[in-house]
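The structure under discussion appears below in the form of structure tokens.
Where a number appears in this text, it was derived from the coordinates with a stated rule and is not lab data. Everything numeric in this text was worked out from a predicted model, so none of it was measured. Note that we place each Cβ from the backbone using ideal geometry, even for glycine, and neighbour counts take in every protein chain shown.
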Amino acid sequence: MKFTDKAWSIFNQSINDYHKYDDVNRQIENPYSEEDLIAHLLYKKNWIDTVQWHLEDIIRDPQIDPVEALSLKRWIDKSNQERTDMVEYVDSWFLQQYSNIEVKKDATYNTESPAWAVDRFSILSLKVYHMKQEVEREDATPEHKASCQAKLDILNQQHQDLSIAIEELLADFEAGKKYMKVYKQMKMYNDEDLNPVLYASKK
């Protein structure tokens, strides 16, 4: 099975599992053990994305209580950090996979690491799922459904295009035509030593 087929299947499994309860507070029950590390990581990555997708919906409620909104904003910040951590875990897995590949002298570096492409792939699976929901909404107008179907068609095309691009990138790594260089994100806003508001509050 191609990597992108496996990832897409796992992402949709995670999304469907989440929507059995549709509860942002529900804890993940990862069906993949760490023995199948990449499947374990992909499921966890998408679960984080799925929960955050719904947090972003909730916080946009125009009637939301400001205190609750602040709490949700902090939750979303924490989720963004977890999402970044998961991307780096996935990249570590890729680095290990290609650690014994002999890199060609003229090998080039890609603009993004494979895991950040996988991150976009995960978000895309959520866009497809939720756009399909809009197409199938019983209370929606024909115009709304038609508009959403047009958008869904584009998202499905993006799925095909991004799948091809990821598979081609992985093939280049396997052939030694490209090499991996992973930069840690070094996010500053959650770090008490780097965020000036946080380190000022410790004085």
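Under 5 Å from the amide H of residue 178 lie the amide H atoms of 108, 173, each residue being 5 or more positions distant or on a separate chain, with H modelled from the backbone and absent for Pro and chain starts. Projected over every direction and averaged, the convex hull enclosing the alpha-carbon atoms of region 106-179 yields 5.2 nm². Semi-axis lengths, largest first, of the ellipsoid equivalent to the chain are 31, 26, 16 Å, with √(5λ) applied to each eigenvalue of the Cα gyration tensor.
Using a cutoff of 8 angstrom between alpha carbon atoms and counting only pairs six or more residues apart, the relative contact order for the chain works out to 23 percent.
Highest mean packing first, where packing is the average number of other Cβ atoms within 10 Å per residue, the peptides 6-13, 115-122, 58-65 line up as 115-122, 6-13, 58-65. With 0.36 nm allotted per residue and the present C-alpha distance subtracted, the residue 165-residue 104 stretch has 19.9 nm of extension available. The residue among 89, 101, 123 whose Cα reaches farthest toward the positive pole of the charge dipole of region 86-138, with charges on the beta-carbon of Lys, Arg, Asp and Glu, is 101.
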